[in-house]
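Take a look at the structure set out below.
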Amino acid sequence: MATSERWKLFQESCKKELGRRLPEFSRLESDEERAKFCLALDCWDGDTLTKLIEKLQSLKGKVGKSTEKANHLRDKGNAAYKAQKFQEAFTLYTDSISYSPVTHVNDDNGTECLSLALANRSAVLFHLQEYKLCLQDIQASIDSGYPENLQYKLLHRKVQALFKLGKKDDAKKEVKGTLEAIEKADIPEDRKEAMRKELKLAGRNISKQEEGKEGEESAEEVKVPKLQYGESQQVAHASGGVEMREEEDKGRMLVAQKAFEPGSVLIVEQPYAAVLLQKHHSTHCHTCVTPVLVPHPCRGCQYVQYCSGTCEEQAWREYHSYECEHWHLLQMVETFAQLSLRLLLTAAARGEKHPSADMESPATASKPSDQAKLCTDKVSPTSDGAKTVQIDSETGSTSEQPGDLSVQTDVIEENPPSAGMESPTTADKPSDQNKLCTDDLSSTSEEAKTDSETESTLEQASNMSQAESTPEQASNLSVKTDSVQNSMQDVELHRGNYSSVYNLMTHTEHHSVEQLLTQMMVSCLMCKCLGVDMCVEVVKKLGLEGGNCTGATEGGGCGENKEGGDCAKSEEGVVCVEKMAALLCHHMQQLRCNAQAITTLQEQDSVSLLEDKQVRLATAVFPTEALLNHSCRPNVFVSFQGKTLIVRAVSHIKPGEELLHCYGPHAGRMVYGERQAALKEQYFFSCSCDACQEQVGNPNTVDMFSAYKCPVCNNAAKLQDKKLVCTSPNCDAQGDTDDIKTTSKKIQDLFVQSSAFLEEGQIQEAVSGLKQCLVLQWKILHPSNKDIARTHDALARCYATSGDCKKSVEHLKKSLSTVELQFGACSVELAHELHKLAQLQFNGQQVAECLDTIERALTIFGCHYGDHHPKSKELRAMKDCLIDVLV
């Protein structure tokens, strides 16, 4: 039976427990009590769960490495190489490398398949003129035990690659050793002579351009920006001009001590832990989350890849040495469960202690307890609940809730363009859909893994079971939580370590009983599959009481159970499993509001105009960034360089002013009611930021970017009680909505049809349809309605495709004016539109206008991203070209 089928049976088995044990579970007050309760459930002894655990444990250690398969793939690569199919050969050699067991020079029992595949791939890279990557593979091959009698080939290739890179001095240093290796090689003399001549020729043919090539590459490396005013002594990874404060109604927050100008760098932070989304496993490094050109294999399994040996070593040292043999289990559970485990493994590997363990030492005995320190990290500036806490969450849809027991698919639909525009004006701001995701389980079926077809969840099953309970039982299922006393004494240091992560709010009281039970059952299943030895070792390293199992060995194992070397039967071993499950569930609860998506901008060609699409790469936890509270009109902006999170000011921030980040619901993209509903559902609070306060208690407030036009006075109107009502105090006009609905349907049909014509290259048909669309829109929509801007944007694309830059510019300017009104004159959304406008003006040779547009765009991009945004580089290149024309 497939693992996915057993997983479905696991859900069904848990469902039976829910109906009769849910009321009892709801009365438990701590995660450790919940863990003990769930581990003692009868369902674990049933045939279904026993077989599921046995199946997962049977997959333990089956990591995919195979010498036979590696050799087969290398042979196929050799055939492709001889046929000069270099791209195909590269892929085959890379696959061979991933399947090859890792060996080292001093490993007498190892095989040569890894070193041979690396050497062969270096030859392909040389032919593809990827000389730097070629050198990396050459060194990796030698380190992996490439046969000494054949190393003359690699050394010969190394010298040639160094010459090609312009590293003349380095190449000369290698020549002597290479000539000696050639001399000792068991090859014909004419072959030796040919290789000597190739080396001499490579040195003579080096050009001045090649000599300076490497220096130019180094100069292009993007450096992480420096913090304004240096680093804070109070808050790790934050500017020295920032301090952390704590208020009774807000909890902890970040406040400016000094003035910040737009573009000032406020936070530069690495994630405490991150999990790469599954759909990027084959394209990105599992450690640094950057694109992988030449994959470096994991030493233990075939499933994970890195960009370099450095990243592989870091992952192995901190967490992957434990995860590697349990890869099948981790791919079955959701991303939040994976990340929860990685948080614990990382803390244990770094020697960091659980907050309660730190407080037991004399040096920290006077600190508040971990319960007292539970922070109200992210709240609205003046939230109505005092203890409602919000932290940047995943980007994505709110439809999926944490705690699902559905098999992990790690795929999510990327953000669609803004409703009012076809452009990427919202690409770099976490959109409302983007920020409100709790995980990435709501994927399309075709993107899901083949063994992960089930869409049912334990929570859904529990709802069915709860329906069988009496109404009295259902109404009384409130979760008890430990009381939290907010200490108003001096705020302690925020070190950005495991204690900072652990003390982020869980919002246990806001999770349904079904969600809590679901999360705890997943945690218990993970602990049973990971094994008692690992639980003991992690709990022990975290310094928790009960972590010193009486039979623990030096490596964290246990000798109490003589038959299997496992401590499952020992009292201490049972306690450690309970603590491990409780910790996993604690972090799963946190991640709904505390997880942050690591994103990147992916360039795409959208009918003759290059645009960026925001793509989610990984799920991570950033303890310092998590202190930022929400505003629907933020004063800071978050971006990424690889996995490094950077927070910059996007407006003038005065001393004493709070740093506010948008969690997704932005005043420029969502109306007041939608924002409030989204924040309440995802983050458990009602927002009272400045943007929301402006609309509170004002029934006539209307979003003019989605407003209709009053047929009498042309002011903004809205649909109310099946009537069109003008919002102007001087006009009491009301109209029937039937004509509006009919016209709106025609507009929608015309736009969809015209967009299809545009994609198919039928420009004249597209222009005709869009112009008809505009005529109808002007009849019923307010001039600032974003749908009108969207139509102008589409017309701009049509004319750009046909080469009529003048008309394209005219329509894009009309679209751009709405974007500026909607998001602001300094918004990144406007910067993207200005970039498009500059492209058109450049192609239309509108030199002066183009230079002005470029300056505006560069200023805004610099404020949000610094000087290294790809579009900034393109704009500067355009500017230099135009200046040359003027000169």
If a residue has to be charged (D, E, K, R) and part of a loop (DSSP other than H, G, I, E, B) to count, how many in the range 632-677 make the cut?
5
Of the residues in the range 718-761 that are basic (Lys, Arg) and assigned to a helix (DSSP H, G or I), the one that is farthest from Thr801 (Cα to Cα) is Lys741
Those residues of the range 79-96 that are on the phi < 0 side of the Ramachandran plot and either within 30 Å of the chain's Cα centre (by Cα) or exposed (fewer than 15 other Cβ atoms within 10 Å of the Cβ) (or both) come to a total of 11
For the range 339-352, state whether one or more residues are free of Cβ contacts under 8 Å to residues at least 40 places away in the same chain, among the charged types (D, E, K, R) and surrounded by 22 or more Cβ atoms within 10 Å (Cβ to Cβ).
no
Subset of the range 761-773 (residues that are free of Cβ contacts under 8 Å to residues at least 40 places away in the same chain and farther than 10 Å from Leu750 by Cα):
Gln762, Ile763, Gln764, Glu765, Val767
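Can you confirm whether the range 162-174 contains a residue that is among the small types (Gly, Ala, Ser) and in a helix (DSSP H, G or I)?
Yes, that holds for at least one residue.
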Does Ala365 satisfy the condition of being modelled with pLDDT of 90 or more, small (Gly, Ala, Ser) and outside the structural domain of Ser115 (by TED's automatic domain parsing)?
no
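Restricting to helices (runs of 4 or more DSSP H) lying wholly in the range 1-119: which have 1 or more residues that are at pLDDT 80 or above, touching a His at 6+ places or on another chain (Cβ under 6 Å) and over 28 Å from Leu154 (Cβ atoms)?
31-39
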Mind listing whichever residues of the range 711-758 are under 16 Å from Lys771 (Cβ atoms) and touching a residue at least 24 places away in the same chain (Cβ under 8 Å)?
Thr743, Lys746, Ile747, Leu750, Phe751, Ser754, Ser755, Leu758
Six or more apart or on different chains, Cβ atoms under 7 Å: show the pairs whose first residue is in the range 158-172 and free of Cβ contacts under 8 Å to residues at least 24 places away in the same chain and whose second is of a type in the set (S, T, N, Q) and surrounded by fewer than 20 Cβ atoms within 10 Å (Cβ to Cβ).
none
Tell me the residue from Ser802, Ser808, Ser827, Ser815 that is more than 18 Å from Gly862 (Cβ to Cβ) and touching a residue at least 40 places away in the same chain (Cβ under 8 Å), please.
Ser815
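May I ask you to verify whether Lys786 is in contact (Cβ under 8 Å) with a residue 60 or more places away in the chain and in contact with a Phe, Trp or Tyr (Cβ under 7 Å, 6 or more places away or on another chain)?
When the stated conditions are applied, Lys786 passes them.
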Can you tell me which condition Val294 does not meet? The list is (1) part of a loop (DSSP other than H, G, I, E, B); (2) modelled with pLDDT of 95 or more; (3) surrounded by 21 or more Cβ atoms within 10 Å (Cβ to Cβ), and all the others hold.
(2)
Report whether or not Gln331 is at pLDDT 90 or above and either buried (at least 24 other Cβ atoms within 10 Å of the Cβ) or on the phi < 0 side of the Ramachandran plot (or both).
no
Given the condition over 24 Å from the mean Cα position of the chain (by Cα), of a type in the set (Val, Ile, Thr) and either at pLDDT below 90 or more than 22 Å from Arg592 (Cβ to Cβ) (or both), answer yes or no: does some residue in the range 640-648 qualify?
no
Please give the helices (runs of 4 or more DSSP H) falling wholly within the range 303-350 in which 3 or more residues are within 19 Å of Gln519 (Cα to Cα).
327-332, 335-349
Is at least one residue of the range 213-223 surrounded by 10 or more Cβ atoms within 10 Å (Cβ to Cβ) and modelled with pLDDT of 65 or more?
yes
Within the range 287-307, can one find any residue that is over 22 Å from Leu584 (Cβ atoms), among the polar types (S, T, N, Q) and without any contact (Cβ under 8 Å) to a residue 24 or more places away in the chain?
no
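The values are calculated or read from the model by the stated rules, or taken from the named source; none is laboratory data. On a predicted model such as this, the values are computed, not experimentally measured, just so you know. Every residue, glycine as well, gets a Cβ built from its backbone with ideal geometry; the counts of neighbours run over all protein chains shown.
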